[in-house]
Each structure stands twice: as C-alpha cells, then as structure tokens.
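K.L.:
Below you will find the structure I want to go over with you.
The values are calculated or read from the model by the stated rules, or taken from the named source; none is laboratory data. Everything numeric in this text was worked out from a predicted model, so none of it was measured. For neighbour counting, all protein chains shown are included, and Cβ atoms are generated from backbone atoms with ideal geometry for every residue, glycine included.
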Amino acid sequence: MNLSDTKTINADRETVFAALLNPEVLKACVPGCQEMSGSPEDGFEATVVQKVGPVKATFKGAVQLSDMNRPESLTITGEGKGGAAGFAKGGANVRLEADGDQTILHYEVEAKVGGKLAQLGSRIIDGFAKKMADQFFSNFQEAVGGPDEAALAGAEAEAEPAKPKGWFQRLKG
C-alpha cells in the first residue's frame, strides 16, 4: 500500500523537524501508542495496540529515523510484531517545505503486513493503513501547529483534548 499527502503546519520548519525527532510528540501522535522510548540516533521502541477488522493485537516494534537532512527531510521506518496476528512494517519519506511562517509537510507512506492480518484482504488492510497514516499526520499537525483552520471552520470541539492543540510549540517557547 502506498499513500502520499501533504499537511500545512502553523510552525516554522525547524520546529516541525524538531517535533519529528521528539519521542513525546511521536507517542502522542501514533494512534494506539502505549509506550515510546529511545532517541533519534538509536531509534525508538514502541508498543501500539490496534484493531484491524476483527483482529486486535499489541504490536511491539522499532522505529528508525534515517536520511536526516535538517530541517528539510527524513525517512521514518518501522516494524512491529503482533504475535499470532502477524506483523506490520512500513515507512514514510517526509519532506518539509517552508511557506512563510508555516511549513508544508509532504509525506509518502508505504506499508506491508503479514500473518493473520494479511488474510483480511487488501481492501481492509489498505483502508486501515491509510487511516493510520492520516491520523498520525493530522495528530502531528495539531500537536505542533495547533488546529487546522479549515477543519475548524465546520466543526466544534465536543470533548476536551488530552493535550492542548499546538502544545509542542508552547513547550519549546
């Protein structure tokens, strides 16, 4: 499964790049992430709980950052094992483009699964992988730059978020 998209983030390119290297930001943005530890240099260890169709699994895996060209681009690759459910692995090429005081984040994602998960069929798997990538980058967009103005135009916040929008920038400030 391959997917590419862009997100406009209300933060400068250096701030966005720093957030991509921060384990607390990554933990907050990865859907279902229970634990995240490590460093950009040595990689991160993560535990993620997800339900794909009828299969619910806890994935334990590793995330590596490579091809870092600060503050322009990097590659994120990861692999997780979910016991009897199988495995998931994939990566994202991320490119950051300055646009005034905002940053346009371009991403290309590739994902593969095996084991029981692969038996669910490509339509379910592709839909799930797209949803996970979209959720991660939308969560990242909100954590770093605050809410997306277009998304706010037609929606009211119904529940209090776990972390305030744009919290990473306020920590840095």
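K.L.:
Under 7 Å between Cβ atoms, which residue pairs at least 6 apart in sequence (or on different chains) link something in region 122-140 that is closer than 15 Å to PRO54 by Cα with a partner that is part of a helix (DSSP H, G or I)?
P.N.:
Here the result reads ILE125/LEU117, each pair linking region 122-140 to a residue that is part of a helix (DSSP H, G or I).
K.L.:
Find the residue count for region 80-106, including only residues that are at pLDDT 90 or above and surrounded by fewer than 14 Cβ atoms within 10 Å (Cβ to Cβ).
P.N.:
Number satisfying all stated conditions: 3.
K.L.:
From the set of residues in region 29-66 that are acidic (Asp, Glu) and touching a residue at least 12 places away in the same chain (Cβ under 8 Å), which is nearest to PHE17 (Cα to Cα)?
P.N.:
GLU45
K.L.:
Related question: Here's a check for you: in region 107-118, which residue that is assigned to a strand (DSSP E or B) and modelled with pLDDT under 95 is surrounded by the most Cβ atoms within 10 Å (Cβ to Cβ)?
P.N.:
By that ranking, first place goes to VAL113.
K.L.:
Next question, about the same structure. So, of the residues in region 84-96 that are touching a Phe, Trp or Tyr at 6+ places or on another chain (Cβ under 9 Å) and among the small types (Gly, Ala, Ser), which turns out to be farthest from ALA133 (Cα to Cα)?
P.N.:
ALA85
K.L.:
Take the conditions more than 13 Å from the chain's Cα centre (by Cα) and in a helix (DSSP H, G or I) and apply them to ALA84. Does it pass?
P.N.:
Against the criterion (more than 13 Å from the chain's Cα centre (by Cα) and in a helix (DSSP H, G or I)), ALA84 qualifies.
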